[in-house]
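Below: one structure, written as structure tokens.
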Amino acid sequence: MPGVIDAPEVFISASSADYIDARKVYAFLCARNIPTFFSDESIPALGETDYKLAIDAAIEAAHHLVVVTSSRANVDSKWVTYEWNTFANEQLSGRKHGNLLTIVAGNMRPSELPLSLRQKQVLSLETELDKLLHYVRRGTSHGPARPFATAKSVETEDRDEPRSHPLSIVRETRTVHPETPRQEDAELPLASSTRFVAEVASGPTQNTIYELRKDRVLIGRSPDCDIALQVPKMSRYQGQFVRGDDGYSFEDLGSSNGCFINGHRVNQRTLLHDGDHIHAGAVILIYRQTDASG
């Protein structure tokens, strides 16, 4: 029946920067036959024109909500905050009896979470994902699934501007939540003695230099990206630079044409070295890692 999907046991909440990590959790749960709502899969399946109504319906139907995050800025994004706050309020009112828990990824520590989340269960994506099953199966019945959120059958398309209501979902090949990091968390220098940049080596913006200072730097043709490039073969959200202890890595965000480092296709997060050439769409960027004092 078009426009109807089974009610989820689990609702996954994540920002665009944590899209790949959230998809790992989604795949983990689906492989174990646990009905799970994740906007990338579920919103297109619903064909819902009003995305906020679809999100509200999914939260109302879900027994549990799982936040996936790798930084305080990401978990504080207005979309993620809206989703877990809505679920937490339902718990306080006695209408929800499931679990609200957080899965932290990368180098994030539980102590960096908002107080309301760190008082709940926190798991590590890298080492404790199996424990998730204990929390999403505890205290819930797994009888026949019931449908929810009957929706109109419409074609979802790219939207250049987010909607004005609390939740906006942008879909291309994959779906992400465009958002702006909090001002105080926008730039986090890796080390005062090292400068990290991406230099455009081809195309109409050749020789443009982008400073890499944030934990995650999105590249794509969407105006929401940190490096927004309107060039052929570029997806709205093509890839991202990810900050780590040894500098920056690069990963593809499921782009249509893929990304390449020194001619090799990027299939996983890859550590960058000074002088590496990154092919993204029709653009080549050169990663530079230099002494800032020089």
**Request:** Filter segment 92-110 down to residues that are open to solvent by 40 Å² or more (accessible area, probe 1.4 Å) and among the polar types (S, T, N, Q) and give me whichever is farthest from the chain's Cα centre (by Cα).
**Result:** S93
**Prompt:** If you check G294 against the conditions, is it at pLDDT 90 or above and either within 24 Å of the chain's Cα centre (by Cα) or not aliphatic (A, V, I, L, M) (or both)?
**Reply:** no
**Item:** Unmet criterion (only one of (1) under 25 Å from M108 (Cβ atoms); (2) surrounded by fewer than 14 Cβ atoms within 10 Å (Cβ to Cβ); (3) at pLDDT 90 or above) for D245
**Value:** (3)
**Message:** Between a residue in segment 115-133 that is closer than 16 Å to L100 by Cβ and any residue that is of a type in the set (G, A, S) and modelled with pLDDT of 90 or more, which pairs come within a Cβ distance under 7 Å, given they are 6 or more apart or on different chains?
**Reply:** S116/A88; R118/S111
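Residues are listed down the side, and each one gets a yes or a no for (1) modelled with pLDDT under 90; (2) of a type in the set (D, E); (3) part of a loop (DSSP other than H, G, I, E, B); (4) over 23 Å from D224 (Cβ atoms):
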site	(1), (2), (3), (4)
A57	yes, no, no, yes
V68	no, no, no, no
A73	no, no, no, no
W84	no, no, no, no
L101	no, no, no, yes
V122	no, no, no, yes
L132	no, no, no, yes
V136	yes, no, no, yes
**Item:** Close pairs from segment 77-95: first closer than 11 Å to I59 by Cβ and among the β-branched types (V, I, T), partner at pLDDT 90 or above and open to solvent by 40 Å² or more (accessible area, probe 1.4 Å), Cβ under 9 Å, at least 6 apart
**Value:** T86/E60
**Request:** Look at D224 and say whether it is touching a Pro at 6+ places or on another chain (Cβ under 8 Å) and either within 17 Å of N74 (Cβ to Cβ) or surrounded by 19 or more Cβ atoms within 10 Å (Cβ to Cβ) (or both).
**Result:** yes
**Message:** Give all pairs with beta carbons closer than 7 Å in which a residue from segment 258-282 that is within 14 Å of A198 (Cα to Cα) meets a residue that is open to solvent by 30 Å² or more (accessible area, probe 1.4 Å) and of a type in the set (F, W, Y); count only pairs at least 6 apart in sequence or on separate chains.
**Reply:** H279/F260
**Prompt:** Before we move on, is I43 in a loop (DSSP other than H, G, I, E, B), at pLDDT below 90 and over 17 Å from P114 (Cβ atoms)?
**Reply:** no
**Request:** State the number of residues belonging to segment 114-134 that are open to solvent by less than 100 Å² (accessible area, probe 1.4 Å) and in contact with a strand residue (DSSP E or B) (Cβ under 9 Å, 6 or more places away or on another chain).
**Result:** 11
**Fill in**
Among strands (runs of 3 or more DSSP E) completely within segment 190-290, the ones holding 2 or more residues that are over 24 Å from the mean Cα position of the chain (by Cα) and farther than 21 Å from A17 by Cβ are 194-200
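The values are calculated or read from the model by the stated rules, or taken from the named source; none is laboratory data. These figures come from a predicted structure and were not determined experimentally. Neighbour counts are summed over all protein chains in view; Cβ atoms, including those assigned to glycine, are modelled from backbone coordinates with ideal geometry. Side chains included, ligands, DNA and RNA excluded: accessible areas come from the protein's heavy atoms. Shrake-Rupley method; radii C 1.70, N 1.55, O 1.52, S 1.80 Å.
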